[in-house]
């Protein structure tokens, strides 16, 4: 269905007259612009732009962003000029559309064009984060429709790029649901054999796990009602397949070591209720030692908040339980989009984002800094650096004062030091992790407390380059060595 009503129905807040008029106008303009064009699936091209707009509506975005999603391909594929677009829809929507438009085929070729388009996307996103949300909505529909009509090698290329770049971008924006969907649609094309194997493992063990969790769910509902809770929901969610695959890899493909295949989510009105529910759960079931995590007091760097506990169910089963408020739940599912839609309003959010005060977007400034130092012709290296520094699995470690530092997996105290300041990195005299002296090439783990001892006469050596994992740390080390020479 490509009637504009389908978008209105998908919006989480009923649109007012002005919003309806703008979206209707963009819908009609895009449909005319793409008339006669077909996608590789054989569908009219407009189906894709419509679905992009609808995805943005489901994210909870405003009328301007939805309209830009409907129009996102008119400059690239329909011969519409920027002047035409600005005359019809104004500067803001034109900026959003140009931000997601790839660079022309004539000027750039192959990898270079692809890399330059990525760089252009990040520059536009730093100005207005909605650009990236449109790109992700576009990619979600593309990866949903990969099957059947695309050459296998192209399917795999798009799928791998989705898993390695676009799903981690969704994660960086705190959009857990979108990250999971992007990965799971791409998984069978990126790693077909592994996909089949995980499906088989889940088929064998998933039902047994769900049976245990369903029993716990009924018990929690009864207990919370007995304790006087009225406004709460308890639901189950099955782990996304690709996320399960990554966890299986860490546990030698042994599903018995994975406790959150099916997890329970308890949603309550306020933060005090979250802690109260945690106490009730622990009074009924014994928690696994070391498995209680408080992401409310210490949120993840992408804004995720929740209490996590893993319990023995008493009948031989183990279950993970997540406890959060409705606002935390919306933020966990829709991330930055929930802030734009609900929390602080679009324009105050964008103002803070532009002045670089919003911590969930701090990594964008780091990407722009990386781009400044990339020489022409280093496109493949740029993509590798992006994957390593920004899109690899993360570890969250603490300074002695309790500040959270977000680093790529396998990072060392060297990366930690340079993430704080280049002067600290350049004068590492010793490193402590959890109050114990360690070597500077020690791999950091989630929750480590890291302390850097500074010595004025200390300076980097070539060996440090091998130990450092982040591009920023390596660049500072090489620069310091060069200056000393």
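Of the residues making up segment 448-471, just one is within 29 Å of residue 290 (Cβ to Cβ) and part of a helix (DSSP H, G or I), namely 467. Only a single item in (1) touching a strand residue (DSSP E or B) at 6+ places or on another chain (Cβ under 7 Å); (2) under 30 Å from residue 55 (Cβ atoms) is not met by residue 153, and it is number (1).
In the set (1) touching a strand residue (DSSP E or B) at 6+ places or on another chain (Cβ under 8 Å); (2) under 17 Å from residue 312 (Cα atoms), residue 224 fails one condition alone, (2).
Of all residues in segment 216-247, which are farther than 27 Å from residue 168 by Cβ and exposed (fewer than 15 other Cβ atoms within 10 Å of the Cβ)?
Across segment 216-247, the qualifying residues are 218, 222, 225, 226, 227, 228, 230, 231, 233.
Counting only helices (runs of 4 or more DSSP H) that sit completely within segment 148-261, those holding 2 or more residues that are out of contact with any helix residue (DSSP H, G or I) (no Cβ under 9 Å at 6 or more places or on another chain) and touching a residue at least 24 places away in the same chain (Cβ under 8 Å) correspond to 192-226.
Taken together, 177, 157 contain a single residue that is closer than 16 Å to residue 56 by Cβ and surrounded by fewer than 20 Cβ atoms within 10 Å (Cβ to Cβ), which is 177.
Of the listed requirements (1) at pLDDT below 85; (2) outside any helix (DSSP H, G or I); (3) surrounded by fewer than 19 Cβ atoms within 10 Å (Cβ to Cβ), residue 368 misses just one: (2). Exactly one residue among 96, 70, 85 is modelled with pLDDT under 95 and under 26 Å from residue 158 (Cβ atoms), and that residue is 96. When the residues of segment 425-447 are narrowed to those that are touching a strand residue (DSSP E or B) at 6+ places or on another chain (Cβ under 8 Å) and surrounded by fewer than 15 Cβ atoms within 10 Å (Cβ to Cβ), which ends up nearest to residue 460 (Cα to Cα)? Going through the qualifying residues, I end up with 429. When residue 327 is tested against (1) assigned to a loop (DSSP other than H, G, I, E, B); (2) free of Cβ contacts under 8 Å to residues at least 60 places away in the same chain; (3) under 21 Å from the mean Cα position of the chain (by Cα), exactly one condition is not met: (1). If the condition is being part of a strand (DSSP E or B) and over 17 Å from residue 470 (Cα atoms), then segment 418-447 contributes 429, 430, 431, 432, 433, 436, 437, 438.
The number of residues in segment 305-323 that are at pLDDT 90 or above and in a loop (DSSP other than H, G, I, E, B) comes to 2.
The values are calculated or read from the model by the stated rules, or taken from the named source; none is laboratory data. The structure displayed is predicted, hence computed values, not measured ones. Every residue, glycine as well, gets a Cβ built from its backbone with ideal geometry; the counts of neighbours run over all protein chains shown.
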